[in-house]
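Below you'll find the structure, written out as structure tokens, and then a few comments.
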Amino acid sequence: MKNMKKALCLLLCLIAALSCFALAAAAEDEPAACEHEYKVTTVAPTCAEQGYQLHVCSKCGDYFKDNYTNPLGHIYGEWTNVRTATCTVEGLQERECVRCHGKETRTISVIPHVDEDENGKCDVCGAKVEVKKIFSPFEWLKSFIQFLREWFNSIFA
């Protein structure tokens, strides 16, 4: 039993000694605290992105950003036609930012069919077009009176 106590005590001392060596080795692996030497670079804002100052340590590579500035915003030119709208295809227009050359587009609605000769077909694409005559109230009254005349004439003729 005494031998067992001695062996156990020896084992515990050995474990404690190895733990101390392991802690000392781990402490040696940790890098020493860097005395940072930051190089400052100013990043200018763009139309859509913020500007800022970038600080990068020349010793360890640590970095941070500060002194943010707002994005500049786009300055677009005039709208130009890319595709003209017809009675079958939407039109397309675009404009370009003078700073970053980014483009913005918009569609132009399809235009109505044109039937100037009133033949029931579109003059542009040939599609069937419903002919609608718009009567003024006077034309309607005139047509009604003509109908009544013809009706009376057919009855009393």
Review point. Just to be sure, is ASN81 within 23 Å of the chain's Cα centre (by Cα), under 30 Å from HIS36 (Cβ atoms), loosely packed, with under 13 Cβ neighbours inside 10 Å and in contact (Cβ under 8 Å) with a residue 12 or more places away in the chain?
Key: no
Check your understanding: In this structure, is ARG95 outside any loop (DSSP other than H, G, I, E, B), at negative phi, surrounded by 11 or more Cβ atoms within 10 Å (Cβ to Cβ) and among the basic types (Lys, Arg)?
Key -> yes
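Can you find a residue in the stretch 51-65 that is touching a Gly at 6+ places or on another chain (Cβ under 6 Å), among the hydrophobic types (A, V, I, L, M, F, W, C), part of a loop (DSSP other than H, G, I, E, B) and at pLDDT below 95?
Start the filter on the stretch 51-65 by keeping residues that are touching a Gly at 6+ places or on another chain (Cβ under 6 Å), which leaves none.
Scanning the stretch 51-65 turns up no residue that is touching a Gly at 6+ places or on another chain (Cβ under 6 Å), among the hydrophobic types (A, V, I, L, M, F, W, C), part of a loop (DSSP other than H, G, I, E, B) and at pLDDT below 95.
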Review point. For the stretch 38-64, how many residues are surrounded by 13 or more Cβ atoms within 10 Å (Cβ to Cβ) and over 25 Å from GLU104 (Cα atoms)?
Key: 10
Revision key, fill the gap. If you go through ILE145, ILE111, the only one that is farther than 30 Å from GLU37 by Cα, of a type in the set (Val, Ile, Thr) and either in contact with a Phe, Trp or Tyr (Cβ under 6 Å, 6 or more places away or on another chain) or surrounded by 13 or more Cβ atoms within 10 Å (Cβ to Cβ) (or both) is ILE111
Exercise for review: Please indicate, with yes or no, whether at least one residue in the stretch 91-102 is in contact (Cβ under 8 Å) with a residue 24 or more places away in the chain and over 30 Å from CYS47 (Cα atoms).
Suggested key: no
Study note, to complete from the structure: Of the candidates THR41, THR88, the one satisfying the condition of being at pLDDT 90 or above and either in a loop (DSSP other than H, G, I, E, B) or farther than 30 Å from GLY126 by Cα (or both) is THR41
Study note, to complete from the structure: Of (1) exposed (fewer than 13 other Cβ atoms within 10 Å of the Cβ); (2) over 30 Å from TYR38 (Cα atoms); (3) modelled with pLDDT of 90 or more; (4) not acidic (Asp, Glu), ASN119 fails just (3)
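The values are calculated or read from the model by the stated rules, or taken from the named source; none is laboratory data. Predicted model only: the values in this text are computed from it and were never measured. Cβ sites come from the backbone with ideal geometry, for glycine too, and all protein chains shown count toward neighbours.
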